[in-house]
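*Asks:* This is the structure, below, for whatever I ask next.
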Amino acid sequence: MFSLGNLLAIGSTVFLIGPVQQIRMMLDPVRIYATIVYIICVILALVCALWVRNKVLTLIAIVSEICALLWYSLSYVPFARRMVSELLVSCCDTDLS
């Protein structure tokens with residue numbers, strides 16, 4: 001249901017800005033990789049839930065879909081992805097000396 005809801009949310013913006021503009025924005029060089037990863041994660045979650053029917057794989061696919069959706073959404077905010085990347089690096093950076 002989560003993946004279908006995400007597909008409907010992306011599809012609903014088509015009615016707001018039009019299909020050509022939506023595709024143009026999704027294929028913009030700034031967010032092309034985020035779009036591809038997000039679409040692959042949605043497809044993977046749907047396959048795991050509807051075809052494979054493995055709860056653990058479905059949960060992993062949904063978590064990856066949430067991360068991909070977050071990264072895709074951040075591509076619309078100027079400098080947001082860079083800020084989040086730097087924040088994660090500074091949080092995970094440890095000095096072992």
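*Asks:* For the pair Met25 and Ile39, how long in nm is the line joining their label points, each one 7 Å along Cα→Cβ?
*Replies:* 1.7
*Asks:* For the pair Thr13 and Ile32, how long in nm is the line joining their label points, each one 7 Å along Cα→Cβ?
*Replies:* Result: 1.8 nm between the two label points.
*Asks:* List the relative contact order of the chain as a percent without decimals, with contacts defined as Cα pairs under 8 Å and 6+ residues apart.
*Replies:* It comes to 24 percent, rounded to a whole number.
*Asks:* Can you tell me the dipole magnitude for the chain around its Cα centre, using point charges on the Cβ only (Lys, Arg +1; Asp, Glu -1), in Debye to the nearest 20?
*Replies:* 340
No lab work stands behind these numbers, since they all come straight from the coordinates. What you are looking at is a predicted structure, and each value in this text was computed from that prediction instead of being measured. Glycine gets a Cβ as well: all are built from the backbone with ideal geometry, and neighbour counts include every protein chain shown.
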